[in-house]
Each structure stands twice: as C-alpha cells, then as structure tokens.
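Scroll down for the structure; my scribbles are underneath it.
The values are calculated or read from the model by the stated rules, or taken from the named source; none is laboratory data. All of these numbers come straight from a predicted model, not from anything done at the bench. As a convention, Cβ positions derive from the backbone with ideal geometry for all residues, glycine included, and neighbour counts pool all protein chains shown. Side chains are part of the model used for accessible areas, which takes the heavy atoms of the whole protein and leaves out ligands, DNA and RNA. Shrake-Rupley method; radii C 1.70, N 1.55, O 1.52, S 1.80 Å.
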Amino acid sequence: MSNLKKWKTLKSKMVLDHYWYKVRQDEIELPNGKIIDDYFVSIKPDVAMLLPITSSREIIFVRQYRHAVGDFFLELPAGNFDPTKESAEVAAIREFTEETGYIAQEVRKIGTLYDKPSKDTNQIHLFLGENVSKVGEQQLDITEEIEILLIPIESILEKIIQGEISVAGTVAALFLGLKFIT
C-alpha cells in the first residue's frame, strides 16, 4: 500500500479567465505541512486527435506553425473541443475533416491521455481513423495555415527518432495507434 498523500487546496482564485485560456492560482498545503501560495494551474480544453490511415498504409499529417515555440511541426490532425457540446469522437472527425479535407470511414477510440497533469487539466482523446479518403477542401480557422503530408507507416519510427515528429501527443498517438494497425 502506498503512503503517498494528495495535496490539500486551501484557496483558489482565477487569475486569468479568457475564452482561449484560463489560469487558476491555488494555495496548497503539501503532505509535509509546507504551504505554497502560488501554484498555477492551466485550465485548458480537452483535445481530440485522429490518427488517419489511408488504404495505401500512409498516415495523414498536418504541418503547421506553432507560435509559442516559433517553428513548424508535423502533427496528427487535432483540435480543442467542448465536451458539453460534442463528443470527443465527433470533435476528432470534425477537426480532421476541417484541417485536411479528408474523412475516415471507420473510427475507433485508442486511448485517453493527460497532456501535462502537473500544471494542465486537459486530456487528449485519441482515435484511429481507417479507410481515409479525400472528400473536399480544407476549412481552416483564421489562425490555421496547414500543409498536408502523407507519410508511409514504415517511415514513422525513423522520423520520430530523427526528431522530425516531436510533438508529445502525436508521438504517443502513433505508438498507441500502431498497435491497432494490421
């Protein structure tokens, strides 16, 4: 049996309450009795992500600029969603189609992960999309400029090792998803 104990929240206040981002400041008491009065928590929306596989055994990636880091990244199609308005699966399918113009004929859940539970509240809901085909054009948000890349499954591991695919949620989805791909 573990002797680990949860931290006790003494006070909480919202220090940033914006549509896109919320930050809560907690005053906490650690199990050893020490008090920390400035523990900041990011309250972020959940993310729905799709690992799309074509009949040619290629994975559809999006390449886009990420301003916080100031660089371009290869990622699986994904987006934030409000679980009171749509399910994670519906959000994953919607985001995939909006970002790529493709649709998946078969979709199944492969996992749910926490993004960064030390400071963030959100989860990443991962789905595998199979029998993927192009159905239209991208329907991008104002902040999105997305390049679509189809990468053979056989080259994915090498791209991760070389650092060409380096976003944690995408890497986790790939490792989980590859287990389900026949």
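Table for the structure above
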{"item": "Tally, over region 92-103, of residues that are under 14 Å from Val47 (Cα atoms) and open to solvent by less than 60 Å² (accessible area, probe 1.4 Å)", "result": "4"}
{"item": "Those residues of region 109-126 which are in contact with a Phe, Trp or Tyr (Cβ under 8 Å, 6 or more places away or on another chain), farther than 15 Å from Leu76 by Cβ and surrounded by 14 or more Cβ atoms within 10 Å (Cβ to Cβ), in sequence order", "result": "Asn122, Gln123"}
{"item": "One residue from Glu58, Glu144, Glu89 being at pLDDT 95 or above, of a type outside the set (S, T, N, Q) and either touching a helix residue (DSSP H, G or I) at 6+ places or on another chain (Cβ under 9 Å) or open to solvent by less than 60 Å² (accessible area, probe 1.4 Å) (or both)", "result": "Glu58"}
{"item": "Residue check for Phe73: in contact with a strand residue (DSSP E or B) (Cβ under 6 Å, 6 or more places away or on another chain), hydrophobic (A, V, I, L, M, F, W, C) and surrounded by fewer than 19 Cβ atoms within 10 Å (Cβ to Cβ)", "result": "yes"}
{"item": "Test: residue in region 7-20 that is surrounded by 15 or more Cβ atoms within 10 Å (Cβ to Cβ), part of a strand (DSSP E or B) and of a type outside the set (A, V, I, L, M)", "result": "no"}
{"item": "Among (1) among the charged types (D, E, K, R); (2) open to solvent by less than 80 Å² (accessible area, probe 1.4 Å); (3) over 30 Å from Asp26 (Cα atoms), the one test that Glu106 misses", "result": "(2)"}
{"item": "Which numbered condition Gly129 misses (of (1) at pLDDT 95 or above; (2) loosely packed, with under 12 Cβ neighbours inside 10 Å; (3) in contact with a strand residue (DSSP E or B) (Cβ under 9 Å, 6 or more places away or on another chain))", "result": "(2)"}
